[in-house]
Ligand SMILES: CC(C)(COP(=O)(O)OP(=O)(O)OC[C@H]1O[C@@H](n2cnc3c(N)ncnc32)[C@H](O)[C@@H]1OP(=O)(O)O)[C@@H](O)C(=O)NCCC(=O)NCCS
């Protein structure tokens, strides 16, 4: 099974932030001092899946099912949870094989976005992929996902193709942009600060 990262971002949280309202966190109010350096990363476990799936639904218009997350764990994909103290704030899933990694899911939960966690998580994935001898990284992103595309571009990803109509969309289908970058095996990503 190769899960299809078919997704559209929700903008509710960023819209709230843009108009200056304090976002509400599901279990603990985020504070301004919590930045990327505070994020701890651990392997996702089977017991995380129900909550991860709920947060995926909060973050995407076309979320993954629990079955997809369970399959990712079962086949040994690299599955991560980002936490602030003990509160999950992000998850990510990546396949690594034959010298390549493919980022399948990178998700910072709505009330925790814009604090550098996405960049930190992405760098963690790339560093981990290097330890597994990957020398290149690939991903697909919705053509409309400007926020994610800005993050990937700033981390050295380049457009290498387009998959027409790859994703479901509210009206019909949406193209995926295929992005790639080389991984220098000698480089460790510096932490986002
Ligand atoms: C895309 C996503 C992972 C970014 O994570 P994040 O923690 O919010 O992003 P960061 O705070 O690490 O910011 C990293 C970069 O993203 C871009 N970015 C972040 N917020 C942005 C916004 N509101 N508008 C435009 N670009 C933005 C910027 O390039 C930013 O770099 P900068 O702060 O140096 O300008 C997160 O928004 C998310 O999970 N979105 C929903 C799920 C999704 O779309 N995942 C990607 C699927 S391919």
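Readers should treat all values here as calculations from the given coordinates under stated rules, not as data from a laboratory. None of the values given here were measured: they were computed from a predicted structure. Here the Cβ is made from the backbone with ideal geometry for all residues, glycine too, and neighbour counts use every protein chain on show.
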When the Cα centres of the stretch 95-112 and the stretch 150-182 are compared, how far apart do they sit, in Å? 14 Å
Please list 57-65, 160-168 highest first by mean number of surrounding beta-carbon atoms within 10 Å per residue. 57-65, 160-168
Rounded to one decimal in Å, the inverse mean reciprocal Cα-Cα distance for the stretch 27-112, i.e. its Kirkwood radius, is 13.5 Å
Find the relative contact order for the stretch 72-193 and round it to a whole percent, using C-alpha pairs within less than 8 Å whose residues are 6+ positions apart. 21 percent
Label-point separation in nm, residue 87 to residue 173, each point 7 Å along Cα→Cβ: 4.0 nm
